[in-house]
Every structure is written in C-alpha cells, then in structure tokens.
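FYI, it's all coordinate maths here, none of it is from the lab. It should be emphasised that the depicted structure is a prediction, and the values quoted were computed from it without experimental measurement. Positions of Cβ are generated from backbone atoms using ideal geometry, with glycine treated the same way; all protein chains shown enter the neighbour counts.
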Amino acid sequence: MTSAIPGFGLRRVPVADGVELTTAVGGSGTPVVLLHGFPQTHLMWRHVAADLAADHTVICPDLRGYGASDKPADTDGTLYAKRTMAADVVALAGALGHERFALAGHDRGALVAFRAGLDHPDRVTHLALLDILPTLDMWDVLHGTSAAVAFHLYLMAQPPGLPERMIAAAADDFFGYFLDAWTQSPEALPADVRAAYLAACRAAVPSIVADYRASAGIDTAHDRADRDAGNRLTMPVAVLQQDWGAALGYDAAALWRAWAPDLRHTTVTCGHFMAEEAPGEVVKALRDLLAR
C-alpha cells in the first residue's frame, strides 16, 4: 500500500488483541512517531513527515478508532483511555523495531503522547505536544460562558447513545465545523484533504466519541493520580500552542512547567492545525527538540 505522504508506504501493524493500526512509514534514521489529532488522520503530518524523513524514520499511524485503523467497540470504558492508546503506540514502535523513539502529537494525539511520556519514560526519548493542555488541566481552566468554545467536550462526555446519534445525524456538518472554525488559513486544508478527513470521521463516530468520553472520566483519573504522586515527564519536552491562556485566563507555560521540568514552551500565531498551516515552524521546533 502507498501512503498519500510522498515516499511513504502504508502498513497494517498489530498492536493489541484484535487491534491493528494503519501506519505510514518513511525515511531512515532515528525514529520519530507522529500522532494526529481531531478531526483528522495521519495525513495531517504530510508536510512535516516528508521533511523529517530526510534523516529520520518517520512513523505516522492512524490512532485506534480513527482513519483506517481498527475501531473496537468500547464495552467497558477503557478501550479509548489514553493509557490504552499510548500502549498501542509503544507496541507499534516495537513491532517496527524501535525500542526507543521520539514522539510528537497534535490535539488528541498529543494527549496520547503525554500519557505515553508518563507511562513509558524508558521508551520515549523526546516529546513534542501541539496545542493541548493535559486533560486534568484542560477541565480545570474551562469556566462559565468561556467554556462554550469547548462545547464538543461536554457533548461527547455524555453517556453512550445520544451523542453518537446526534453527531451521526449531521456528521459532515459537525466535523466540518471544527475544520473551518479552528483554522486561520483555509487553503492549508485543500478540498481533497478536507473530504478525506470528513469521510474518515463519518465512518468513526462511535469510536471518536468514546475517545472523548474517556477524557471526561478515566483519563482525568489517571492524570490526577500522576499529579498527586508527583510524577512528571523526564524527557526533553517542547510545547507549541495558541494563546488560549490569554482568552481563558490561565498561564499555559506555568501549567506545563508543573509537568515538564525540561520544557520549551512556544506560543504560535497560526491556527490550531499548525502542522498544515505552519509546517516550517513545526519542523523547526521538532528538529530543535531532537537536538536537545
């Protein structure tokens, strides 16, 4: 299989019982794993991955529940915990021959990467996190009417049934809203890419909702346990994010320093989809991180 990322091939890689991840792999050299966000697939890394592949083995999976990867039904509330999805990533890298690897994630993928860094510090050498706060901090900073910007978090936190039916009834409108609202440069998401994202999400409503529902429950419990225990990220960390702190009234860099002692925090001026809107800036940040 050939990936839409030039020079990359696609593989189906088993990572857990009954779960395979469709993964684009290209380049050679020290490994870097790139995890996509919502409402996207591994295709969001097409510019960044092609650049990094000049001197790295670049691994870009569709996350469990997204894209062309498997989408198991969440029967017990754990199958889309970020701990489970982080274990997928570690298993994926190992199956491809990499015991240690650098890891970057955007949006939902960044939450998976954050959990991988906490749970598997012996495996993750460097960590880049794009446009998130840790789950526990995210819920803490949402207050009053300003929290309306995150209405989808509250919708998908509801018990199984109604959120899935509501979203499936107008899937393209729902997922397309975020593709439109969160970008400052619409040309960064050309029509064919936008259509690919919508088709992938349309086919994955239950698993996408399960991923978000986990962040209102089990993921928060895992974060709280780590914070209470004083666990922190031990590898070099780079965080790139929009200035949501100014809008919602918090100090993003200070929140991140509590989790990451070896931190470089950068506020960007592009929109949320920075790997597509400002790939050069993201590549530079990743290369600077890998040099630390």
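For segment 103-245, what's the relative contact order in percent, using C-alpha pairs closer than 8 Å and at least 6 residues apart?
So the answer I get is 38 percent.
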Calculate the spin-label point distance for THR30 paired with THR267, positioning each point 7 Å from the Cα along the beta-carbon direction, and give it in nanometres. 3.1 nm
So how strong a dipole does segment 150-285 carry about its Cα centre when Lys and Arg Cβ are +1 and Asp and Glu Cβ are -1, to the nearest 20 debye? 340 debye
Charges only on Cβ, +1 for Lys and Arg, -1 for Asp and Glu: so what's the dipole of segment 142-212 about the Cα centre, in debye to the nearest 20? 160 debye
May I ask which residue of LEU96, LEU21, ALA86 lies farthest towards the positive end of the charge dipole of the chain, with charges of +1 (Lys, Arg) and -1 (Asp, Glu) on Cβ and the Cα centre as origin? LEU96
Using 0.36 nm times the number of residues separating ARG165 and ALA4, minus their current alpha carbon distance, what extension gain do you get? 54.8 nm
Just want the answer: with Cβ charges of +1 for Lys and Arg and -1 for Asp and Glu, which residue in ALA229, ALA68, LEU248 is farthest toward the dipole's positive end in the chain? ALA229
Rounded to the nearest whole number, the Stokes-Einstein translational diffusion coefficient of segment 1-138 at 20 °C and 1.002 mPa s (Kirkwood radius, C-alpha pairs) in µm²/s is 147 µm²/s
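Kirkwood Rh over alpha-carbon pairs of the chain, then Stokes-Einstein at 25 °C and 0.890 mPa s: what D in µm² s⁻¹, rounded to an integer? Don't jump to the answer; show the numbers that get you there.
Working: Rh = 18.8 Å.
In µm²/s, the coefficient rounds to 130.
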State, to one decimal in nm, how far the label point of ARG292 lies from the label point of ALA254, with both points 7 Å from Cα in the Cβ direction. 2.1 nm
Looking at segment 147-292 from every direction and averaging, what is the projected area of its Cα convex hull in nm²? 10.1 nm²
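Could you tally the net charge around PRO6, taking each other residue with its Cβ under 14 Å from the Cβ of PRO6, Lys/Arg +1 and Asp/Glu -1?
Neighbour charge sum, excluding PRO6 itself: 0.
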